[in-house]
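Visitor: Below you will find the structure I want to go over with you.
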Amino acid sequence: LFISQPSVSQAISEIERHYCIRLFERLSRKLYITPEGEQMLGYARHIVALFDEMEKAIQTSRSSPVKVGATVTVGTCVLSDIVTSFKSLHQDTEVDVFVDNTKKIEEKLLKSELDLAVVEGRISSRELVVEPIMEDNLVLICGEGHPFFHREKVSGEELNGQDFVLREVGSGTRELFQSYVQSMGYSINERWTCNNSDAIKRAVSCNHGLSVISARLVKEESDTGKLHVVEIDGCPFNRNFSLVYHKNKYFSEHISSFADTCRDFLDVR
């Protein structure tokens with residue numbers, strides 16, 4: 001930024017005096033950001049992002065792309081249809097998509113690197129607004145060679161000691177299932193860790209373990225008999241797909257329209 005270090009220190013001091021707060025703790029010649037500093041940083045990121053958006057829109061005489069995040073299940077099942085529906089209304093507006101697990105999506109929303117997102121996992125930050133817009137449920141699946149293949153239902157206790165193929169750390173699917181296992185005091189063997197649904201389904205079909213996955217992701221395999229869905233007695237894995245955005249996010253006309261498209265598309269399914 002071509003600003004000298006003393007000028008930076010002076011600017012920080014002026015901000016601290018103006019708001020009667022401390023932005024940093026100064027310990028052993030190092031700076032550590034305070035909670036008040038973190039709060040200001042959140043606003044600053046959105047102010048800078050909005051300024052950059054304005055510059056790009058005015059200079060190019062066109063709207064900036066809508067930056068959309070989605071978790072893996074959402075990205076696989078419904079996001080393409082949502083984007084297609086939005087593009088039918090706004091042909092000249094681009095949509096940039098980022099698909100990853102819930103933790104990564106949350107981080108990007110907090111840094112204003114995404115405008116909004118649709119996720120199935122739990123959001124922990126109070127800086128983000130979470131709006132449930134669609135129900136989803138997880139199911140237990142197994143391959144043809146597994147002892148559960150011809151069962152319609154198993155008890156939770158029968159999962160004890162079973163081999164499992166799970167999503168990576170940060171996945172909402174993994175978090176929900178692990179919470180259930182821990183709450184019941186069960187122990188499972190995590191044999192595979194995968195960051196996409198195709199790898200999970202392939203591993204399960206080859207009998208490398210059981211898995212828990214969105215019912216939407218295995219409908220085709222279940223219908224054709226490649227994978228078998230087994231009910232866990234007394235354990236409905238219900239959850240929501242949620243629209244998520246920063247509470248300080250400025251919603252342009254196109255961002256608002258994309259959010260409405262998500263609500264209209266998912267609410268009716």
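Every number here is computed from the coordinates shown, using simple stated rules; none is lab data. If you're wondering where the values come from, they're calculated on a predicted model, not measured in any experiment. Note that each Cβ is placed from the backbone with ideal geometry, even for glycine, and that neighbours are counted across all protein chains shown.
Visitor: Give the lysines reachable from residue 247 as a straight Cα distance under 29 Å; neighbours fewer than 8 places away on the same chain don't count.
Guide: Hits, sequence-local ones excluded: 56, 67, 87, 103, 104, 108, 111.
Visitor: Right, something else. Return the calculated 222 nm mean residue ellipticity for the chain, to the nearest 500 deg cm²/dmol, obtained by summing -39500 (n - 2.57) across DSSP H runs with n ≥ 4 and dividing by the residue count. Walk me through the numbers before you get to the answer.
Guide: Working: 9 runs with 110 residues, N = 269.
Per the formula, -13000 deg cm²/dmol.
Visitor: Could you work out the mean projected area of the convex hull around the alpha carbons of the stretch 141-245, in square nanometres to one decimal? Intermediate values should be presented prior to the final figure.
Guide: Values: hull surface 27.4 nm².
Taking the Cα atoms of the stretch 141-245, their convex hull projects to 6.8 nm² on average.
Visitor: If r is the Cβ-Cβ distance from residue 264 to residue 169 and R0 is 45 Å, what FRET efficiency results, to the nearest 0.05? Could the numbers behind the result be given before it?
Guide: Numbers: r = 34 Å, r/R0 = 0.74.
Here the calculated transfer efficiency is 0.85.
Visitor: Something else about it: Note down the net charge around residue 231, summing +1 for each Lys or Arg and -1 for each Asp or Glu among other residues with Cβ under 14 Å from its Cβ.
Guide: That works out to -1.
Visitor: If you don't mind, another one. Can you compute the FRET efficiency between residue 45 and residue 190 using 1/(1 + (r/R0)^6), with r the Cβ-Cβ distance and R0 = 41 Å? Round to the nearest 0.05.
Guide: 0.70
Visitor: Over 28 Å, how big is the tail of the calculated P(r) for the chain, in percent of all Cα pairs? Could the numbers behind the result be given before it?
Guide: On the way: 17424 of 36046 pairs.
Tail fraction, whole percent: 48.
Visitor: Using a 7 Å offset from the Cα along the Cα-to-Cβ direction at both residue 55 and residue 150, what is the distance between the two label points in nm, to one decimal?
Guide: Distance between label points: 6.8 nm.
Visitor: Find how much the distance from residue 90 to residue 38 grows on full extension, using 0.36 nm per residue of separation minus their present alpha carbon separation; answer in nm with one decimal. Mind dumping the intermediate values first?
Guide: Details: separation 52, 0.36 × 52 = 18.72 nm, distance 3.60 nm.
Contour length minus Cα-Cα distance gives 15.1 nm.
Visitor: Apply the a/c threshold of 1.5 to the C-alpha gyration tensor of the stretch 82-156 and tell me whether it is rounded, prolate or oblate.
Guide: Numbers: a/c = 2.92, a/b = 1.84, b/c = 1.59.
Prolate, because a/c is 1.5 or more and a/b exceeds b/c.
Visitor: Sketch the reach of a paramagnetic label on residue 107 as a point 7 Å from Cα along Cα-to-Cβ, and name the residues of the stretch 157-181 whose backbone nitrogen lies under 20 Å away.
Guide: Counting backbone N atoms under 20 Å from the label point, the list is 167-176.
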